[in-house]
Amino acid sequence: MQSTSAFVLTALIAWTLFLVILMEVLRTRFLITGTVAPNEFRPDNSNLPPYMQRLARAHANCIESFPIIGGLLLVALLTNRAEVTDALAVWLLLARLLQSSIHAVSSNVVASWLRFIAFAVQMAIAVYWLCGLLAR
């Protein structure tokens, strides 16, 4: 049976892939309607509506955190120490999904605070994992 850590690692990859596909589907709509020319898309979507900019940032957040979170999950799996990460892996995934979802839908003050809390939860879990993986 697959460990929780392996499942969460795969789910984090799937979520990041989902966000980029969603962004490209929405960009395709701009192409089809002639709103934006193919060579006018900016990586941060800064020339598109605010929701597209938030979506690009949510996707970028996933990419930025993956070396830390994904790396720790990989270390745990490769060293047969998934017991270090398994217990909190689902909580980390839920915090990541919450952060990305909030980021994509709103940038108001309350949403920004909630997004930060979800990010802080992920970083606290990552620090905990790191300490556990470094301990012998």
Could you calculate the FRET efficiency of ALA37 with THR10 from 1/(1 + (r/R0)^6), where r is the beta carbon distance between them and R0 is 30 Å, rounded to 0.05? 0.25
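What length, rounded to one decimal in nm, is gained on full extension from VAL90 through to ILE21, with 0.36 nm per residue of separation minus their alpha-carbon distance?
Working: separation 69, 0.36 × 69 = 24.84 nm, distance 2.32 nm.
My answer for the length gained is 22.5 nm.
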Cα Rg, Dmax, the range 81-133, angstrom units: 12.5, 40
Compactness check, the chain: C-alpha Rg relative to the 2.2 N^0.38 Å globular estimate gives 1.20
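Would you mind working out the magnitude of the charge dipole of the chain relative to its Cα centre, with +1 at each Lys and Arg C-beta and -1 at each Asp and Glu C-beta, to the nearest 20 Debye?
Using Cβ point charges on Lys, Arg, Asp and Glu, the chain gives about 120 debye.
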Taking a spot 7 Å from the Cα of LEU78 along the direction of its beta carbon, which residues of the range 95-136 have an amide N less than 16 Å from it? 130, 133-134
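All of the numbers you see were taken from the coordinates with simple rules; none came from a lab. Just so we're clear, the structure is a prediction, and the values are computed from it rather than from any experiment. Every residue, glycine among them, receives a Cβ derived from its backbone with ideal geometry; neighbour counts consider all protein chains shown.
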